[in-house]
1. Six or more apart or on different chains, Cβ atoms under 6 Å: show the pairs whose first residue is in the stretch 55-78 and more than 16 Å from Val37 (Cα to Cα) and whose second is among the small types (Gly, Ala, Ser) and surrounded by 14 or more Cβ atoms within 10 Å (Cβ to Cβ).
2. If you check Gly27, Gly53, Gly64, Gly81, which single one turns out to be within 22 Å of Pro11 (Cβ to Cβ) and of a type in the set (Gly, Ala, Ser)?
3. Conditions: (1) surrounded by 18 or more Cβ atoms within 10 Å (Cβ to Cβ); (2) more than 27 Å from Glu107 (Cα to Cα); (3) not polar (S, T, N, Q). Arg70 meets all but one. Number of the miss?
4. Just to verify a result, which residue in the stretch 73-108, among those that are among the charged types (D, E, K, R) and part of a helix (DSSP H, G or I), is farthest from Asn48 (Cα to Cα)?
5. What single numbered condition from (1) among the small types (Gly, Ala, Ser); (2) modelled with pLDDT under 95; (3) in a strand (DSSP E or B) fails to hold for Ala9?
6. Thr10 - would you say it is within 26 Å of Ala105 (Cα to Cα) and surrounded by 15 or more Cβ atoms within 10 Å (Cβ to Cβ)?
7. Which residues, counting only those in the stretch 47-58, are surrounded by 19 or more Cβ atoms within 10 Å (Cβ to Cβ) and either within 13 Å of Leu17 (Cβ to Cβ) or of a type outside the set (Val, Ile, Thr) (or both)?
8. Which is within 14 Å of Glu20 (Cα to Cα), in a strand (DSSP E or B) and at pLDDT below 95, of Arg70, Arg61?
Amino acid sequence: MTVTEERRATPRYPLILVAEMVVEETGAKAVARTSDVSRTGCYIDTLNPIPPGTIIQLRFRQGGESFQTRARVVYDVSPMGMGIEFVDVNETQQAILDCWLSVAATEG
């Protein structure tokens, strides 16, 4: 596999959203922003990434709608950001995210 070869199962789209995060174990809160999002995860730009393996409650808002899910930090790139995997996404939340991604795909 070359460095430029895509390894993700689902495409990511450039989509900037405010990410509200709460660490489940401690209740610590943080706010950052996404730089790209897919159906299964996202990359969050932050100077203070959360350690890999941490489970968080994650919420994005856009245009009066909100997407909420549990998520897991997969990797961090200190001090630039972290990769997030969504877990426990229900059908309603997935439909909201799919709509946002559909718009991002046509704008990208």
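The values are calculated or read from the model by the stated rules, or taken from the named source; none is laboratory data. Everything numeric here is computed off the predicted structure, so don't read it as measured data. We place every Cβ from the backbone using ideal geometry, glycine too, and count neighbours over all the protein chains shown.
1. Ile56/Ala71
2. Numbers: Gly27 fails: within 22 Å of Pro11 (Cβ to Cβ); Gly53 fails: within 22 Å of Pro11 (Cβ to Cβ); Gly64 fails: within 22 Å of Pro11 (Cβ to Cβ).
One residue alone meets the criteria, Gly81.
3. Just one mismatch for Arg70, condition (1).
4. Filtering the stretch 73-108 down to residues among the charged types (D, E, K, R) leaves 76, 85, 88, 91, 98, 107.
Still in the list and also part of a helix (DSSP H, G or I): 91, 98, 107.
Working: Glu91: 31, Asp98: 28, Glu107: 30 Å.
The residue in question is Glu91.
5. (3) is the only condition that Ala9 fails.
6. Numbers: within 26 Å of Ala105 (Cα to Cα): yes; surrounded by 15 or more Cβ atoms within 10 Å (Cβ to Cβ): no.
Against the criterion (within 26 Å of Ala105 (Cα to Cα) and surrounded by 15 or more Cβ atoms within 10 Å (Cβ to Cβ)), Thr10 does not qualify.
7. Correct list: Pro49, Leu58.
8. On the way: Arg70 fails: at pLDDT below 95.
Exactly one residue qualifies, and that residue is Arg61.
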